[in-house]
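Notes follow once the structure below has been shown.
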Amino acid sequence: RHLVKTLSVLFPDGYAVDCLGPFPANANDAKITESILQLNNTFQYWCEDGDVAIVDRAFRDVIESLEENGFDVRMPSFLPPKQKRLTTKEANSTRLITKNRWVVEAYHARLKDWSLLSERIHNSLIP
């Protein structure tokens, strides 16, 4: 398991704006994003009000903070309790979001082509 992790900010065409971190591996994505929004104002330079932030379900606890910072947050739908499937509209929306998130997964796969990033990253390498 990795001992540190990073948070990637990408444009829809796969262009990497920034790779933030390293963060402790036990910090979840929502906590990392919350700390970035509170301590770092670089998002103001990259984004405008109404820009879409496509996130996965790991960011569910930080959606309100992202919206307060002017983002239009898109996340795959959750299946409500006692419901066997999503509505057609929810399913189509979730598929579209998942297709757009592929850019992020492809970026992370390219990073892992480097041997340093494909294996365990030890704390001794953190500056």
With the first residue restricted to the range 39-50 and required to be surrounded by 10 or more Cβ atoms within 10 Å (Cβ to Cβ) and at pLDDT below 85, and the second required to be part of a helix (DSSP H, G or I) and among the polar types (S, T, N, Q), Cβ contacts under 8 Å at 6 or more apart or on different chains are none
The lone condition Ala58 fails out of (1) touching a helix residue (DSSP H, G or I) at 6+ places or on another chain (Cβ under 7 Å); (2) closer than 17 Å to Leu7 by Cβ; (3) surrounded by 14 or more Cβ atoms within 10 Å (Cβ to Cβ) is (3)
What about Val73, is it closer than 22 Å to Val103 by Cβ, β-branched (Val, Ile, Thr), part of a helix (DSSP H, G or I) and under 16 Å from the mean Cα position of the chain (by Cα)? no
Just one listed residue, out of Val17, Val73, is surrounded by fewer than 16 Cβ atoms within 10 Å (Cβ to Cβ) and in contact (Cβ under 8 Å) with a residue 12 or more places away in the chain, and it is Val17
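Condition check ((1) within 27 Å of Glu48 (Cβ to Cβ); (2) modelled with pLDDT of 90 or more) across all residues:
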| residue | (1), (2) |
| --- | --- |
| Phe71 | yes, yes |
| Ser77 | yes, yes |
| Arg85 | no, yes |
| Ile97 | yes, yes |
| Asn100 | yes, yes |
| Ala109 | no, no |
| Trp114 | no, no |
When the range 66-105 is checked residue by residue, the ones that are within 25 Å of Glu34 (Cα to Cα) and of a type in the set (Asp, Glu) are Glu67, Glu68, Asp72, Glu105
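The values are calculated or read from the model by the stated rules, or taken from the named source; none is laboratory data. Note that the structure is a prediction, hence the values are computed from the model and not measured. A quick note on method: Cβ atoms are made from the backbone with ideal geometry, for glycine too, and the neighbour counts reach across all protein chains shown.
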